[in-house]
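> Below you'll find the structure I mean.
What follows is calculated from the coordinates using simple rules that are stated; it is not laboratory data. The shown structure was predicted, so the numbers you read here are calculated from the model rather than taken from an experiment. Heads up, the Cβs are rebuilt from the backbone with ideal geometry, glycines too, and the neighbour counts pull from every protein chain shown.
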Amino acid sequence: MDLNSIVKYTHSLKILYIEDDIDLLEHLTSILENLFVTVDTSNDGQQALNMYNKFYEDNNQFYDIVLTDIELPHINGLNLIESMLELNPTQHVVVISAYNDTDKLEKLLSLGIDNFLHKPIDFKVFFETFKKCAIPILEQREMLSKLNNVQEINYNLESVMDIINQVAIVSKTDLEGIITYVNDIFCNTSQYSKEELLGKNHNILRHHDMPSIVFQHMWEEIQDGKIWKGKLKNRAKDGSSYYVNANIFPIFNTNNEIKEYIAIRFLTTNEEVKNREFKKKVLEQYQESKRRDFTSRRMIDDLKKQLIKYENFDLLEFSLKKMKKKSLDCTSQLNFTEDKNKNLELDFTNYKKNVLKNVSAILEKNKRLQMKSDVHDQKVDSLKKEIKAKEDEFKKMLDTNEQRAKEIEDLRELKYSTLLKFLA
């Protein structure tokens, strides 16, 4: 029997061993201590039940395995097992006994007990029994650990989503682009109710100004498992337009397959919209100014040609001054527009810095969680080394026991041969 194949399943488990035979109790305890992280013992049924309850009170968990004899003082093994199962119906119990009482066996089977060891102990069966008990316990632990991890991830994701839901336009779609979720900001911005949006294709918001190639590229990216980022112009229910900075993420299932898409959009600020409209007006005014400047130059040239014809030069000078003043007013308005545009760009830069600061905080939190995971891995490595040392110690103990057993057998043969000689 390879002890390593047993210890790898039992090393993290806790066991309560109840036995009224003190010699056997001490002998098996020395073996169990090489298998289990915690071994508590008792030679009395009532004391064992008290220990069972106290262990739960102190640790908020029950023993992983209970190993018990049937014949015990104060409370026999059957009643002890019944009491434990009332407290913990899933308790793993191994019964050890030198008797084959049919009635007691039927009672144990009715309680769901199916792990038995007979005295004297067959150690191959002994080790295999504990391996058999340990495997479902570890599987259950692993399942609970995964569930807790999923719950923690979901909790963290929900916390992040709660924050995002307060400041961003959020929606989810299936693989065909059918809307499955929208938040309140989405509804307020688009002017649609949730009932009007759920089950509809996301192109309900598509603006006719947006080129189809943009959406073609977007679908190629997210279907390939990548994140798509870009600016979109959307159309609200009343036909009005609004602009968003969009980030679209594929969401994967446990098989690493895309199961849905989530889109997080930030509505461009009023300043950005005004800035966009302002730049458009500036361009229009600049073009108009160029046209006026060209027209003014033509008029000046024409006036210069007519100077000779006009005797009233004062009137012509007045007209020129008026044209010059109008040109200066246009220049002043253009300078004012450029200054305002610079202020808007500065405000947008500050906004971007704040967003990057929040993202850095989230990344720092993830880094701390990773450090905790590294510390846990170090503890596991230390425990493995300790188990290896225990295994070596246990192997030496088995070798010693075998040597002693051989010496005892030799003594018995010597005693028997001596007795025969004496009788002869």
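> By counting other Cβ atoms within 10 Å of each Cβ, how are LEU24, LEU109 ranked from fewest to most? Before the final figure, lay out the partial values.
On the way: LEU24 17, LEU109 11.
Arranged by neighbour count, lowest to highest, LEU24, LEU109 become LEU109, LEU24.
> Contour minus end-to-end for ILE408 and ARG141, with contour as 0.36 nm per residue of separation and end-to-end as the Cα-Cα distance? Walk me through the numbers before you get to the answer.
Numbers: separation 267, 0.36 × 267 = 96.12 nm, distance 4.42 nm.
Difference between extended and current length: 91.7 nm.
> Looking at this model, which pairs from LYS14/LYS132; LYS233/LYS353; LYS229/LYS353; LYS226/LYS259; LYS8/LYS385; LYS54/LYS388 are more than 20 angstrom apart at the alpha-carbon? Walk me through the numbers before you get to the answer.
On the way: LYS14/LYS132 15 Å; LYS233/LYS353 24 Å; LYS229/LYS353 18 Å; LYS226/LYS259 14 Å; LYS8/LYS385 12 Å; LYS54/LYS388 31 Å.
Where the Cα-Cα span goes over 20 Å, the pairs concerned are LYS233/LYS353; LYS54/LYS388.
> Which value in nm describes the separation of the simple spin-label points at LYS372 and LYS395, placed 7 Å from the Cα toward the beta carbon?
3.8 nm
> Moving to a separate point now. Shape verdict for segment 182-265, please, from the Cα gyration tensor: rounded (a/c under 1.5), prolate (a/b greater than b/c) or oblate.
Numbers: a/c = 2.22, a/b = 1.41, b/c = 1.58.
Oblate shape, in that a/c is at least 1.5 and b/c is the bigger or equal ratio.
> Within 10 Å of each residue's Cβ, count the other Cβ atoms and sort TRP228, TRP219 from fewest upward.
Working: TRP228 21, TRP219 13.
Ordered by Cβ neighbours within 10 Å, fewest first: TRP219, TRP228.
> Next question. List the aspartates and glutamates whose Cα lies under 12 Å from the Cα of LYS124, skipping any in the same chain that are fewer than 8 positions away.
ASP2
> Multiplying the sequence separation of TYR56 and ARG297 by 0.36 nm and subtracting their Cα-Cα distance, what value in nm do you get?
On the way: separation 241, 0.36 × 241 = 86.76 nm, distance 9.81 nm.
Length gained between TYR56 and ARG297: 76.9 nm.
> How much length, in nm to one decimal, is gained on full extension between ASP184 and TRP219, taken as 0.36 nm per residue of separation minus their Cα-Cα distance? Walk me through the intermediate numbers first.
Values: separation 35, 0.36 × 35 = 12.60 nm, distance 2.52 nm.
Difference between extended and current length: 10.1 nm.
> Net charge near ASN203: determine it from the other residues with C-beta under 12 Å of the C-beta of ASN203, scoring Lys and Arg +1 and Asp and Glu -1. Could you put the intermediate results ahead of the total?
Values: positive: LYS200, ARG206, ARG235; negative: GLU176.
So the environment of ASN203 carries a net charge of +2.
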